[in-house]
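Shown next, in structure tokens, is the structure this report addresses.
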Amino acid sequence: MPRLATQIEAILYLKGKPLSLAEIAECARCDREAVEDALIELMSDYAYRDSALEVVETPKGYSLQLRASFATLMQSLVPAELGVGALRTLAAIAIKQPIAQTELIDLRGSGAYQHVQELISLGFVSRRRQTDGRSYWLQVTNKFHQHFELDNLLPSLRTSSQS
């Protein structure tokens, strides 16, 4: 049987959210005092190892999380979740690309201006000025294809549609 600190590490990892002492004790099937001692041991272990993770106490409980020094790396690898409106705007761009921004606004409404800015900042959409107009051409980027794994999905769609 692994030591209690290691069990608690697994519990925090698997739950993926802050847990109170009582919740940890229930999952580990032991008393709160043993959990407190094991948490101190686990926090000490993380403090002395060169790890990207740390165990911290938050107002909601104890949590296993990425160290703050890795925040920029996380933002570049794991983009913020998109809202339904931004996802619909992204889908419209992907389906009709390249699409003039004015045409997109006609399709999606004025809220699409904000969606386009968000999608550009996340790297899912690129924009280039039209040579003969005041609008922009919008299209999805390689990051879009990589993130949504469309290259892997398209062959299976072709195969299933040919059946």
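The values are calculated or read from the model by the stated rules, or taken from the named source; none is laboratory data. As the structure is a prediction and not an experimental result, all values here were calculated from the model. We place every Cβ from the backbone using ideal geometry, glycine too, and count neighbours over all the protein chains shown. Quick note on the areas: whole protein, heavy atoms, side chains included, nothing else; ligands and nucleic acids left out. Shrake-Rupley method; radii C 1.70, N 1.55, O 1.52, S 1.80 Å.
Summary of computed values
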{"item": "Flag if GLU9 is open to solvent by 30 Å² or more (accessible area, probe 1.4 Å) and in contact with a Lys or Arg (Cβ under 7 Å, 6 or more places away or on another chain)", "result": "no"}
{"item": "Residue within region 24-32 that is on the phi < 0 side of the Ramachandran plot, touching a Gly at 6+ places or on another chain (Cβ under 6 Å), crowded, with 16+ Cβ neighbours inside 10 Å and outside any strand (DSSP E or B) present", "result": "no"}
{"item": "Counted residues, region 97-125 - those being under 19 Å from GLN146 (Cα atoms), in a helix (DSSP H, G or I) and not β-branched (Val, Ile, Thr)", "result": "3"}
{"item": "Selected residue (criterion: modelled with the highest pLDDT) from residues of region 54-78 that are among the β-branched types (Val, Ile, Thr) and open to solvent by 60 Å² or more (accessible area, probe 1.4 Å)", "result": "THR72"}
{"item": "Filtered residues of region 33-51 (kept if of a type in the set (Gly, Ala, Ser) and open to solvent by 40 Å² or more (accessible area, probe 1.4 Å))", "result": "SER44, ALA47"}
{"item": "Given (1) exposed (fewer than 14 other Cβ atoms within 10 Å of the Cβ); (2) within 22 Å of HIS145 (Cβ to Cβ), number of the condition ALA92 does not satisfy", "result": "(1)"}
